[in-house]
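The values are calculated or read from the model by the stated rules, or taken from the named source; none is laboratory data. Please read all numbers here as calculations on a predicted model, not as lab measurements. Cβ placement follows ideal geometry from the backbone for every residue including glycine, while neighbour counts extend to all protein chains displayed.
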Amino acid sequence: MSPYVGIVMMLAIAAAFVGLTILTTMIVGPGRYNRAKYDSYECGIEPTPQPIGGGRFPVKYYITAMLFIVFDIEIVFLYPWAVSFDQMGTFALVEMVLFIVTVFVAYIYVLRRGGLEWD
């Protein structure tokens, strides 16, 4: 037998389960459709029309996203470096210090733009 038979069987079982649950909800669930059911829900208030461009977001959202990206990149590079630090030597230490200095420049930028101040 092929080693992929188990994977194919699991995918078939998962697809059958999805199909069965969708079919069950269509049969068992109530079919009362009205206008209120299809309206968008915004915490109990009437939805407001949005501007054509989607409205403006404060820059703080983008700074927060950049901060998370910087954290992720830092972890991706620091974790393997920490695991094999004993075998790399002084050159790797100097390179990591340069990398950390670069990351701190990004942190300083975020700090100056107010990305760490939560309202």
So VAL28, is it farther than 27 Å from LEU116 by Cα, out of contact with any helix residue (DSSP H, G or I) (no Cβ under 7 Å at 6 or more places or on another chain) and either at pLDDT 90 or above or not hydroxyl-bearing (Ser, Thr, Tyr) (or both) = yes
Hey, among GLU95, GLU117, GLU74, which residue is free of Cβ contacts under 8 Å to residues at least 40 places away in the same chain and assigned to a loop (DSSP other than H, G, I, E, B)?
-> GLU117
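Taking the conditions exactly as written (at pLDDT below 85 and out of contact with any strand residue (DSSP E or B) (no Cβ under 9 Å at 6 or more places or on another chain)), does ALA106 satisfy them or not? Even if it seems obvious, please write down each step before you answer.
Details: at pLDDT below 85: yes; out of contact with any strand residue (DSSP E or B) (no Cβ under 9 Å at 6 or more places or on another chain): yes.
Yes, satisfied.
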